[in-house]
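Written below as structure tokens is the structure these notes are about.
The values are calculated or read from the model by the stated rules, or taken from the named source; none is laboratory data. Nothing here was measured: the structure is a model prediction, and the numbers come from that model. Cβ coordinates were reconstructed from backbone atoms using ideal geometry, including for glycine residues, and neighbour counts include every protein chain displayed. SASA here: full protein model, heavy atoms, side chains in, ligands and nucleic acids out. Shrake-Rupley method; radii C 1.70, N 1.55, O 1.52, S 1.80 Å.
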Amino acid sequence: MDAHSDAVQRRRTFAIISHPDAGKTTLTEKLLLFGGAIQLAGAVRARGEQRRARSDWMAIERQRGISVTASVMTFEHRGLTFNLLDTPGHEDFSEDTYRTLTAVDSAVMVLDAAKGIETQTRKLFEVCRLRDVPIITFVNKVDREGREPFDLLDEIEKTLALDVTPLTWPIGMGRDLRGCYDLVNDRVLLFDPGRGDQINEAVAMSLADPGLDGLVGGPAAAKLREEVELVRAACPPFSLEAYRAGHLTPVFFGSALRNFGVGELLGGLADLAPPPQSCPAEPRAVAADEGAVTGFVFKIQANMDPNHRDRIAFVRLVSGRFRRGMKLKHVRTGKLLAVYNPVLFLARERELADEAVAGDIIGIPNHGALRIGDTLTEGEDLRFTGIPSFAPEVLRRIRLDDPMRAKQLRRALEDLAEEGVSQVFKPLNGATWIVGVVGQLQFDVLVARIAAEYSIKAGFEEAPYETARWVHADDQTVLKRFAEANGANMAEDRDGALVYLARNAWQLGRAQEDFPAVRFSATREQH
Ligand code: G4P
């Protein structure tokens, strides 16, 4: 294997999916600690606290410097480089979150042992399933009273339709937590309530060993033996192939807060999670070990500095070896883009390294030329596919308090839509823009950002529409007739694509019945 393929094979690019409060921030912090990125761990914590003070949006704004770094966290462990992509979207679930999941090769699903699968876990899981992203499960908070492990496994299997294979097993829970049994290596990881597991070495010991009784106590040892026997009978043996195909999830138990079982989880990621994978594109798929650089934009962060209207496009490298100063082809426009000052996310010594390989993320500062879904190459005409634009779930009409500022408002809406947190629709008959978002809270965020970054006072009010669908037809005259017949419901998105805004499900159904040759799609693939 040459040095380049070797570097690619050593990348693990992943995200953590969870419901709010399951422990994502705490786990992230502990993973970074393992990788020696201690200073960053503090930044993650700071963000966790900000999130709780979400009403104070200005404070969050001031911290945006941190949030860029925290969008991509890189650390090293056992000779591997881990890129952990933050999935924003806790309360403010947004399209950004979905798209970040198109830029990872695997995910860790964190569950609260007392709560199991929650709504957001499920939503994020469904997005992973679209691409069969391999998932490792971490059942968190075993230091507190939780549900029976069997009950949790059963829930994962039933609600997510996934095979489940535990790789560790808790010895007791809550106040009775004694440790975890490593089912792969037959060893006991002891829990010390005073210290967590940072200090304790795992003790090699088979279940049959009478020493187990002395180590964890007779009743706990007996219960463990019984449960493991049941696990081995009831769960399929671990299969790397099934995990990588997205059909089976290995499960680890632990406590992020007490730093217990996190090392085992990280070991699991190192051993099992796939290195960078090939990516679907038109006209051909791209393999990770190809020599030429290719990548796609999965996220835009705008207005890092309100004085400069700059933005950073986050690019997932799919292949090749990127070097600072490289010229890349921006396939959508055909233009060459010289990337002199990329933001590289590196585990250490940021300023020294200036290369990135497949699986890594680079940030490219630009003034709006790059959009979500754009492909960059060293010259080949390729287009990565499958980066979806999601159907907005809530639509509102924008209200401008000062009509003189309509032009600026339009600019603000377009800028923010470019970041991918919202979508704007311009009705064909009518002047007020309709804004669509995936989660209700996005409206508050938009109002605050429009005020802070553009000095415009605006608000949102009820729109007469409930849902939006992009419309297509093979025969353009059919589409034209459709648009004429539904004048009051037609709008364009910011790229001029035709959108049908429906008052309710009934009206949408009716339109579909009347025009069977028109295709209605809830999402729009970029370009
Ligand atoms: P999130 O990012 O998924 O929203 O979760 P976060 O890590 O912020 O954790 C949510 C709460 O759960 C926090 O408590 C955190 O300390 C707690 N927690 C996380 N992991 C564990 C664990 O393994 N065991 C126990 N017992 N608790 C855990 P909080 O009181 O809401 O916040 P804080 O005051 O501790 O910051």
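List of remarks:
- For residue 383, distant residues with modelled amide H under 5 Å away: 282, 284
- Taking the DSSP beta bridges with both ends in the chain, the antiparallel portion is around 75 percent.
- Cα-based convex hull, the range 235-328, per residue volume (Å³, whole number): 195
- Cα principal axis extents for the chain, largest first, Å: 80, 53, 45
- Close amide H pairs (under 5 Å, H built 1.01 Å from N) link residue 187 with 182, 205, residues at least 5 positions away or on another chain.
- Two-site label geometry, residue 184 and residue 338: point separation in nm, points 7 Å out along Cα→Cβ: 4.8
- Over the C-alpha trace of the range 220-260, radius of gyration and Dmax come out as 13.5, 36 angstrom.
- Measuring r between the beta carbons of residue 466 and residue 122 and using R0 = 30 Å, the FRET efficiency lands at 0.85.
- Distance between the C-alpha centres of the range 401-455 and the range 219-239: 55 Å, rounded to the whole angstrom.
- Where GluC sites (Glu not before Pro) fall in DSSP loop in the range 422-501, at most 16 other Cβ within 10 Å: 466
- Full extension of the chain between residue 145 and residue 114 yields a length gain of 10.5 nm, computed as 0.36 nm times the residue separation minus the alpha carbon distance.
- Residues with amide H under 5 Å from that of residue 168, placed H, sequence gap 5 or more: 183, 251, 253
- Note on residue 484 and residue 229: the model spin-label points, each 7 Å out from Cα along the C-beta direction, lie 7.9 nm apart.
- Ranking 125, 34 by solvent-accessible area of protein heavy atoms (1.4 Å probe, all protein chains present), from largest to smallest, gives 34, 125.
- The residue list 432, 337, 376 was ranked by how far each Cα lies along the charge dipole of the chain toward its positive end, using unit charges on Cβ atoms, and 432 comes out on top.
- Within the accessible area of the range 388-525 (1.4 Å probe), percent carbon and sulfur: 49
- Debye log10 I(q)/I(0) at q = 0.12, 0.22 Å⁻¹ for the range 388-525, Cα point scatterers: -0.46, -1.36
- If R0 is taken as 41 Å, the Cβ-Cβ distance between residue 270 and residue 453 corresponds to a FRET efficiency of 0.50.
- Dividing the convex hull volume of the alpha carbon atoms of the range 281-384 by its residue count gives 94 Å³ per residue.
- Applying a DSSP loop filter and a limit of 16 other Cβ atoms within 10 Å to the GluC sites (Glu not before Pro) in the range 150-242 leaves 201.
- Within the straight-line cut-off of under 20 Å between alpha carbons, the lysines reachable from residue 30 are 141, sequence neighbours fewer than 8 places apart in one chain being disregarded.
- Modelled label positions at residue 521 and residue 381, each set 7 Å beyond Cα in the direction of Cβ, lie 2.0 nm from each other.
- Probing with 1.4 Å while keeping every protein chain in the model, the per residue accessible area of the range 388-525 equals 48 Å².
- Mean ellipticity per residue at 222 nm, deg cm²/dmol - from DSSP H runs of n ≥ 4 across the chain, formula -39500 (n - 2.57): -9000 deg cm²/dmol
- Ranking 359, 114, 166 by how far each Cα lies toward the positive end of the dipole of the chain (charges on Cβ) leaves 359 at the top.
- Kirkwood Rh in Å, taken over all unlike Cα pairs in the range 362-422: 14.6
- Using only side-chain charges placed at the Cβ, +1 for Lys and Arg and -1 for Asp and Glu, the dipole size of the range 281-384 relative to its Cα centre rounds to 300 debye.
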